[in-house]
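Below: one structure, written as structure tokens.
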Amino acid sequence: MFEAPSRETIEARYENARAQYAALGVDVDTALDALKSTPISVHCWQGDDVAGFEVHDGPVSGGGILSTGNYPGAARTADQLRADAEKAFHLIPGELRFNLHAIYAETDGEVVERDQLGAEHFAKWMDWAKRIGVALDFNPTFFAHPMADSGYTLSSADDEVRAFWVRHAIACRRIAEAMGRAQQGPCYINHWIPDGAKDQPIDRWGPRRRLVDSLDQMFADDVDTTYCRDAVESKLFGIGSEDYVVGSHEFYLCYALTHEPMLCLDMGHFHPTETIHDKMSAIMTFQDEVLLHVSRGIRWDSDHVVILNDDLRCLFQQIVRGGALPKTRVALDFFDGSINRIGAWVVGTRATQKGLLAALLEPTAVMKQMEDEGDLAGKLALLEELKLLPLGAVYDMFCLAADTAPGTAWISEMQAYDSEVIRKR
Ligand code: RNT
Ligand code: ZN
């Protein structure tokens, strides 16, 4: 139904756009080069509602993560997930990575405990990633497990529980190191735990002291940190941890400032009206590297599909204006089980790229000069006019150069896959 414009049309629109931006001193080709060389780490878990393929010998429960919706055809095997991800990659231009969780291990039907996982359980993923030319990122899975049922993992008061999760984290860091070695570059591993309490815990101190101790043990293990790049992710509240989250923003901010790992900032993990764009300059003044979980919070949910909204635009503006793009690792974190999951992946990833591109197309120096000279009305007016410049024409050229369906054309490809593959599962 949605047809792609011809190559000539896209090129003509691009030339027009290039001239419009050039009139403001912006070089569109330079912006596209920067966009092209910024990898986006696409999260595997949008494809199967964070279910994973773990083989269990007993029941498991959620543990603070909940994907809602029952759109048909969620990937139920690793092969299906790989096929779906490849379809999504086909509809997204630019450099992509793929972000796995420990529960996506392939163990040939065997029960393998999380503290026993090794790189061999991700061999198929690593072969696949190499074949399609994407690098892998990784996450330990501290939820959906009987040892997480109490609501506490790395901060548990039960020494056995805590030791189990420390072993899991160490096993995962070794897997990340192996992935990094195989791809001859960093593998970003993000540590998020659900630990917290529903209502007014008397002791808010003990869990935090124990979490520091667990983190210290995990990071003391000797893995090569050129390959295994650690991040710690904070959260404000979760399902079942509304009153208290051990790994809060302040907690991890202090930990990251005084220890090795970088911070992971998830856009959905703050107060409902609190955005992360203003945190970039504050944090990056003291930190060399940061991991983003690009997401969209809506009321109590932190993981709606990313769209090109002000939160996203402001975030990339801050990163680009501050020259922090080379130090920023962009990963996605959203999951919606109520719509076609390939569509969700593509909408969110393309929106992220559009947000970044919009920032790269700003005449930063011009605006800064206006600000310095006190021409604040002029600056505000320019910011408004910039919103109407032909960003889409530039993004379409990005698609064309990557041999990816531009504009609305990808929607038809997604719909065809939906009727031919997804709905036949
Ligand atoms: C949860 C965190 C975390 C997860 C993934 C699956 O609130 O955002 O990043 O979404 O690890
Ligand atoms: Zn996250």
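The values are calculated or read from the model by the stated rules, or taken from the named source; none is laboratory data. Model, not experiment: these values are computed from the prediction. Backbone-built Cβ (ideal geometry, glycine too); neighbour counts: all protein chains shown. Note: areas computed on protein heavy atoms with side chains; ligands, DNA, RNA excluded. Shrake-Rupley method; radii C 1.70, N 1.55, O 1.52, S 1.80 Å.
Among residues of region 342-365 that are within 14 Å of A34 (Cβ to Cβ), those with a Cβ under 8 angstrom from a residue that is of a type in the set (G, A, S), sequence gap 6+ or separate chain, pair up as Q353/G94; L357/A31; L360/A31; L360/A34; L361/A31.
For region 27-49, the count of residues that are aromatic (F, W, Y) and in a loop (DSSP other than H, G, I, E, B) is zero. Among the residues making up region 181-197, those that are part of a helix (DSSP H, G or I) and either within 16 Å of ligand 2 (Cβ to nearest atom) or over 18 Å from H43 (Cα atoms) (or both) are R181, A182.
Within region 251-310, the set of residues being under 16 Å from T328 (Cα atoms) and within 12 Å of ligand 1 (Cβ to nearest atom) comprises C264, L265, D266, M267, L291, L292, H293, V294, S295. Say whether the condition of being surrounded by fewer than 24 Cβ atoms within 10 Å (Cβ to Cβ) and outside any helix (DSSP H, G or I) is met by at least one residue in region 159-172. No, that holds for no residue.
Scanning region 217-237 for residues that are open to solvent by 60 Å² or more (accessible area, probe 1.4 Å), in contact (Cβ under 8 Å) with a residue 12 or more places away in the chain and either under 18 Å from D159 (Cα atoms) or part of a helix (DSSP H, G or I) (or both) turns up just one, Q217. Look at (1) surrounded by fewer than 24 Cβ atoms within 10 Å (Cβ to Cβ); (2) within 25 Å of the chain's Cα centre (by Cα) and you find that M370 fails only one, number (2). Does T107 count as within 16 Å of ligand 1 (Cβ to nearest atom) and surrounded by fewer than 20 Cβ atoms within 10 Å (Cβ to Cβ)? So T107 does not fit the description; no.
Table: residues versus (1) under 27 Å from Q184 (Cβ atoms); (2) open to solvent by less than 20 Å² (accessible area, probe 1.4 Å); (3) touching a residue at least 12 places away in the same chain (Cβ under 8 Å).
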position	(1), (2), (3)
G47	yes, yes, yes
A78	yes, yes, yes
K130	yes, no, yes
G133	yes, no, no
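The set of residues from region 245-259 being open to solvent by less than 20 Å² (accessible area, probe 1.4 Å) and closer than 11 Å to V212 by Cβ comprises V246, G247, Y252, Y255.
Scanning region 390-419 for residues that are touching a Cys at 6+ places or on another chain (Cβ under 9 Å) and of a type in the set (G, A, S) turns up A405, G407, A409. Quick one: would you say R76 is basic (K, R), modelled with pLDDT of 95 or more and not in a strand (DSSP E or B)? So R76 passes the test.
None of G337, G348, G343 is open to solvent by less than 30 Å² (accessible area, probe 1.4 Å), within 16 Å of ligand 1 (Cβ to nearest atom) and either farther than 24 Å from H277 by Cβ or of a type in the set (S, T, Y) (or both) except G337. For region 241-260, a residue qualifies if it is hydrophobic (A, V, I, L, M, F, W, C) and assigned to a strand (DSSP E or B), and exactly one does: V245. Residues of region 5-48 that are touching a strand residue (DSSP E or B) at 6+ places or on another chain (Cβ under 8 Å), away from ligand 1 (no atom under 16 Å from the Cβ) and not β-branched (V, I, T): P39 alone.
Looking only at residues in region 49-76 that are within 23 Å of T352 (Cα to Cα) and among the hydroxyl-bearing types (S, T, Y), the one that is least open to solvent (accessible area, probe 1.4 Å) is S67. Total residues in region 144-162 satisfying the condition of being touching an Asp or Glu at 6+ places or on another chain (Cβ under 9 Å) and touching a residue at least 40 places away in the same chain (Cβ under 8 Å): the figure is 11. Residue check: is Q200 open to solvent by 40 Å² or more (accessible area, probe 1.4 Å), modelled with pLDDT of 95 or more and in a helix (DSSP H, G or I)? Against the criterion (open to solvent by 40 Å² or more (accessible area, probe 1.4 Å), modelled with pLDDT of 95 or more and in a helix (DSSP H, G or I)), Q200 does not qualify. Of all the numbered requirements in (1) over 18 Å from A31 (Cα atoms); (2) open to solvent by 10 Å² or more (accessible area, probe 1.4 Å), A365 misses one, and that requirement is (1).
Specify the residue that is farthest from the chain's Cα centre (by Cα); the eligible residues are those in region 203-252 that are within 16 Å of ligand 2 (Cβ to nearest atom) and aromatic (F, W, Y). In this case the residue turns out to be F251. Are any of the residues in region 77-96 closer than 29 Å to G323 by Cα and more than 21 Å from the chain's Cα centre (by Cα)? Within region 77-96 (the criterion being closer than 29 Å to G323 by Cα and more than 21 Å from the chain's Cα centre (by Cα)), the answer is no, since none of the residues qualifies. Restricting region 179-197 to residues that are surrounded by 23 or more Cβ atoms within 10 Å (Cβ to Cβ) and closer than 16 Å to F98 by Cβ leaves a set whose member that is farthest from ligand 1 (Cβ to nearest atom) is G180.
Residues in region 1-26 that are outside any helix (DSSP H, G or I) and open to solvent by 20 Å² or more (accessible area, probe 1.4 Å): M1, F2, E3, A4, P5, S6, A23, L24, G25.
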